[in-house]
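This report concerns only the one structure given below.
The values are calculated or read from the model by the stated rules, or taken from the named source; none is laboratory data. Every value quoted in this text rests on a predicted model; they were computed, and no experiment measured them. With ideal geometry, Cβ positions are generated from the backbone for all residues, glycine too; neighbour counts draw on all protein chains shown. Note: areas computed on protein heavy atoms with side chains; ligands, DNA, RNA excluded. Shrake-Rupley method; radii C 1.70, N 1.55, O 1.52, S 1.80 Å.
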Amino acid sequence: MWRVSFMADGQDMLLTYVKFTNLGSSNDADIQNVKLFDGATQLNGTVSQPTAKEIVFDLTTMADGGYKIQSGQTRQFTLNGDIVGGTDRTYKWTIQKQYDVRAKDMEYGTWAFVDDYDATDDDAFGVVTQKVGGTETTTTINTGSLTVGLASDSPNTNIVYNGSNLVLAKYNFKASGEQVKVKTLTMKCNSNDGALYIDNFLVKFDGVQVGSTDSTIKCDNGTDSTAFSFGNSVILGVGTTHSIEIIGDLTDSSVAVDDTVVVSIVSGTAEGKDSLTNLDSSVSATSGHNLTVKGATLSVFKNTSYTDRSSAQPTGVTNAQDVKVASFIVVGGAAEDADISQIILRDDATYFMGNNFQNMVLKDSNGNMVGSAISSLNTSDSTYTFTPANAIRIGKGEQQVYDVYADVKSSVTNSGSAVAMLEADQVLATGVGTGSSANFGTAGTDTTDIALQSVYLALHGNLTVDESADTPVAQQLVLGSTGASLAKFKLSADAVEDITVTEFTVAQDMSTGFGVISGPHFTSARSATGSIKNLKLYNGSELLTSVSAFDSTNNSQSAIATFSGFTLNIPKNQNVVLEVKGDLSSFSDGGVPSSTHRLFVPTETKPSTKAVDNGVVAVGAGSGISMSGAALDFLGGTQTTADDSVYGSYMDLVRAKLTLAHASDSPSGSSAPSTEQTVAKFVATNSANAGSYSVHLYKMNLEVSSVGASFPVSGTVNLKVYKDSISGSNALITTDFNGSWANATQFYSTNVQTDAAFTDLELAAGSSRTIVVTINTSQSGFSANDTLSVGVAANDLMWNDNSGDRSYDYYVVDTLPLSGKTLVY
């Protein structure tokens, strides 16, 4: 509205107050939302409108207590506002008096002298007013204007079939500069059906009817139109957006579902209320949205997210309670909300719910029951009606899921195959706005019925027992150890029902020696039974129960341990892994070294009497039927294949345990021949053990191989083995050998003959010894990039965990074989 300059002369100034005065003829209400700007920066807040033609900006509430203008700077302020009225009136902004502008000297904190901006230095303040080219000017407010447009919330999709008092189109009318009177509107209608009629066609201004009602208008794109006259009823306030709604009824018999309707403004007349300016051109042709006539009728669909049941995914088992039988979706009509009053299901024409189920209930997606439970079901084709206590509101286009549940009878007619048993017959509902029927389906068996999911009933579930993939591998266990993991078994429930396990039996398969060279250390397998004790059964980290020792009272073939006194639930389609742990008796307490033990789950716990007691006692959680015979499978067996006991790995019991590994500084990589080159280093370890038993290493065979090296068959190569370090006193063996490098070379046999050439090496309990291997590689005739490696094959050591008894020597070591590290020449 006005630009005015402020300059700080000689000192930095803090502007704190400015008052502008309007000398024009416009009223205060004609100018609104007044703001003061310096460029794009607004100074303080917005003044809603002048008061007594004055606008005051108090800048002391700004962050610095005012607006800073640096010394010598000129700032051009802009006074902006909305002109909402005052047609043919004027405004002229001025600063009338010296104290209408207040500023402080920022250095001294004193109020500054304010002068008008002119060429004289007379210290007299003259009125500052708007000028053009040095001449004072007054701005005249133009005549009023009118804008018309389709409202953003005008209906744009569907409209209700048979509906009354429907909004067919909505427009926004807005006057600027002055009030505007809308005198007339001419409306038309178009449709895909040129013979469609809209009844009770009328106009509402801000929600109130104005003008008369046209009883019918034909939607023939303008041949039939309606002119509405409003007199003085439609006066648009300045700056206010008003609504014009076109209303009608779609109750005429000519209206059909899926017809389309478009209502449009053809023309109108309007004028400025004060200036009487003709504004007819502002009311131009404006079309509403294309609307489709839709009913409130509901739709019903089979819920495809709940699939037909089958043997792989059955509905349930006999005696199971509250199983899901079916699921369907109700979809609201496209045009309006509806209230559901009843849902009616019916039996299939061939298979009937009452022959298999009882106690049927209907639930919504939140688990809330709809209506009452129906205890006794039909044994012939009939219906089931569910009436909610209060009508269920379904929005237009909304989807609601409903699930059917029932209890399976103890004796069923249709088991072992998938059959259709239930249909969605009717959903009774009423349109919320129109009160019209929104029903889905018709009473009785007809093509509108929706067949729901097939039902598959099983007589009982099935339990499978297998070895777990992570069962401990075959290994040596030291007598006197506690909490040793002996075996893991996987129990799997099929898809039919949860399985409840209450008893689990394992047996021992014992043999006389795993890696004994000369023969058994004990006279019979039975004497090793007590080597494992304090058995515990775990489900993950959960201890289920424990057994103090194996028992052979009821089993003449294998000692057994029966775990009982627990309840373990295996959900259908899931599995659990049971782990058996135990303590190993020390040698002094009767633990038998050189005994081999393998745990297994027997198909029968009393095989000597051929009793049918199973290694697992379990029942179906739903059916209550015991898992035995065809319902219990071992090693993935089925009803048509024979079961077999499920075995874990062999566990070899020793008094002390020997392991062998590469030393951390064992040589590898680039190398050069020498007369006694270190070609390999190993670390032999004896574990700590109850009784502190030593390990004695009696023999050691080496696997020597090379690529690219050769020497005469008649030639020899010197090889030495040392304990701890290379020293004459530490030598375990010195030997010469010949032959091809391409072949692995054994220096000592693995038979039971004593080899006096090898010095026995003793390892105390909990200790380690280094073994160093050297070869006179200068005799080998190596060429560039030839390789050499020295390792230890499986069964290439002979050792003993009791130096006083050589009747059994071991050759098995858990950590073998060890591939040799490669030396490159």
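Here are some notes:
- Check on Gly433, on the phi > 0 side of the Ramachandran plot and in a loop (DSSP other than H, G, I, E, B): no
- Within the set Asn366, Asn390, the sole residue that is open to solvent by 40 Å² or more (accessible area, probe 1.4 Å), assigned to a loop (DSSP other than H, G, I, E, B), closer than 30 Å to Asn165 by Cβ and modelled with pLDDT of 95 or more turns out to be Asn390.
- Residue match in the range 352-359 (condition: farther than 30 Å from Val257 by Cβ and in a loop (DSSP other than H, G, I, E, B)): yes
- Selection status of Asp466, in a strand (DSSP E or B), closer than 20 Å to Asn573 by Cα and either open to solvent by 10 Å² or more (accessible area, probe 1.4 Å) or in the same structural domain as Ser645 (by the TED database) (or both): yes
- Residue selected from the range 429-449 under the condition open to solvent by 40 Å² or more (accessible area, probe 1.4 Å) and either hydrophobic (A, V, I, L, M, F, W, C) or touching a helix residue (DSSP H, G or I) at 6+ places or on another chain (Cβ under 7 Å) (or both), by the criterion nearest to Glu336 (Cα to Cα): Val432
- Residues (in contact with an Asp or Glu (Cβ under 8 Å, 6 or more places away or on another chain), open to solvent by less than 40 Å² (accessible area, probe 1.4 Å) and not aromatic (Phe, Trp, Tyr)) located in the range 65-77: Ile69
- Condition check for Thr139: at pLDDT below 85 and β-branched (Val, Ile, Thr): no
- When the test is whether a residue is farther than 17 Å from Gly441 by Cβ, open to solvent by 30 Å² or more (accessible area, probe 1.4 Å) and either among the hydrophobic types (A, V, I, L, M, F, W, C) or in a loop (DSSP other than H, G, I, E, B) (or both), Ala335 does not pass it.
- Residue in the range 95-116 that is at negative phi, of a type in the set (Asp, Glu) and at pLDDT below 85 present: yes
- Boolean, Val262 is part of a strand (DSSP E or B) and surrounded by fewer than 20 Cβ atoms within 10 Å (Cβ to Cβ): yes
- Only residues that are open to solvent by 30 Å² or more (accessible area, probe 1.4 Å) and under 20 Å from Asn142 (Cβ atoms) were counted in the range 4-43, giving 7.
- Val408 assigned by the TED database to the domain that holds Leu345, β-branched (Val, Ile, Thr) and either closer than 17 Å to Gln453 by Cα or modelled with pLDDT of 95 or more (or both): yes
- Tally, over the range 469-494, of residues that are crowded, with 21+ Cβ neighbours inside 10 Å, within 15 Å of Tyr647 (Cβ to Cβ) and of a type in the set (Gly, Ala, Ser): 1
- Count - residues of the range 81-107 that are aromatic (Phe, Trp, Tyr) and surrounded by fewer than 19 Cβ atoms within 10 Å (Cβ to Cβ): 1
- Looking across the range 44-64 at every residue that is surrounded by fewer than 15 Cβ atoms within 10 Å (Cβ to Cβ) and free of Cβ contacts under 8 Å to residues at least 24 places away in the same chain, the one that is nearest to Thr94 (Cα to Cα) is identified as Thr51.
- Considering Thr94, Thr21, the condition of being in a strand (DSSP E or B), over 25 Å from Gly144 (Cα atoms) and touching a strand residue (DSSP E or B) at 6+ places or on another chain (Cβ under 8 Å) is satisfied by Thr94 alone.
- In the range 210-229, the residues that are open to solvent by 60 Å² or more (accessible area, probe 1.4 Å), more than 19 Å from Thr269 (Cβ to Cβ) and in contact (Cβ under 8 Å) with a residue 12 or more places away in the chain: Thr213, Ser215, Lys218, Asn221
- Per the conditions (1) surrounded by fewer than 22 Cβ atoms within 10 Å (Cβ to Cβ); (2) at pLDDT 90 or above; (3) within 28 Å of Asp322 (Cβ to Cβ), the sole criterion not satisfied by Val455 is (1).
- Identity of the residue in the range 265-288, hydrophobic (A, V, I, L, M, F, W, C) and in contact with a strand residue (DSSP E or B) (Cβ under 8 Å, 6 or more places away or on another chain), that ends up surrounded by the most Cβ atoms within 10 Å (Cβ to Cβ): Ala270
- Scope the range 230-253; condition open to solvent by 30 Å² or more (accessible area, probe 1.4 Å), small (Gly, Ala, Ser) and over 15 Å from Val180 (Cα atoms); matching residues: Ser253
- Candidates in the range 658-676 are the residues that are part of a strand (DSSP E or B) and open to solvent by 50 Å² or more (accessible area, probe 1.4 Å); of these, the one that is nearest to Gln475 (Cα to Cα) is His662.
- Counting only residues that are out of contact with any Ser or Thr (no Cβ under 9 Å at 6 or more places or on another chain) and either in contact (Cβ under 8 Å) with a residue 24 or more places away in the chain or among the basic types (Lys, Arg) (or both), the range 274-299 holds 2 of them.
- Residue within the range 449-458 that is under 30 Å from Ser595 (Cβ atoms), out of contact with any Cys (no Cβ under 7 Å at 6 or more places or on another chain) and either among the acidic types (Asp, Glu) or not in a loop (DSSP other than H, G, I, E, B) (or both) present: no
- Residues of the range 398-419 satisfying the condition of being touching a residue at least 40 places away in the same chain (Cβ under 8 Å), of a type outside the set (Phe, Trp, Tyr) and either more than 25 Å from Ile625 (Cα to Cα) or surrounded by fewer than 14 Cβ atoms within 10 Å (Cβ to Cβ) (or both): Glu398, Gln399, Gln400, Val401, Asp403, Val404, Ser410, Ser411, Thr413, Gly416
- Hits in the range 682-706 - residues which are open to solvent by 40 Å² or more (accessible area, probe 1.4 Å) and charged (D, E, K, R): Glu703
- Subset of the range 469-482 [assigned to a loop (DSSP other than H, G, I, E, B) and within 23 Å of Ala794 (Cβ to Cβ)]: Thr471, Pro472, Val473, Ala474
- Among the residues listed as Leu544, Leu568, Leu535, Leu584, the single one being modelled with pLDDT of 85 or more, more than 30 Å from His460 (Cα to Cα) and surrounded by fewer than 22 Cβ atoms within 10 Å (Cβ to Cβ): Leu535
Yes/no matrix, rows are residues, columns are (1) in a loop (DSSP other than H, G, I, E, B); (2) in contact with a strand residue (DSSP E or B) (Cβ under 8 Å, 6 or more places away or on another chain); (3) closer than 21 Å to Ala285 by Cβ; (4) aromatic (Phe, Trp, Tyr):
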site: Gly126; (1), (2), (3), (4): yes, no, no, no
site: Thr143; (1), (2), (3), (4): yes, yes, no, no
site: Ser154; (1), (2), (3), (4): yes, yes, yes, no
site: Ser164; (1), (2), (3), (4): yes, yes, no, no
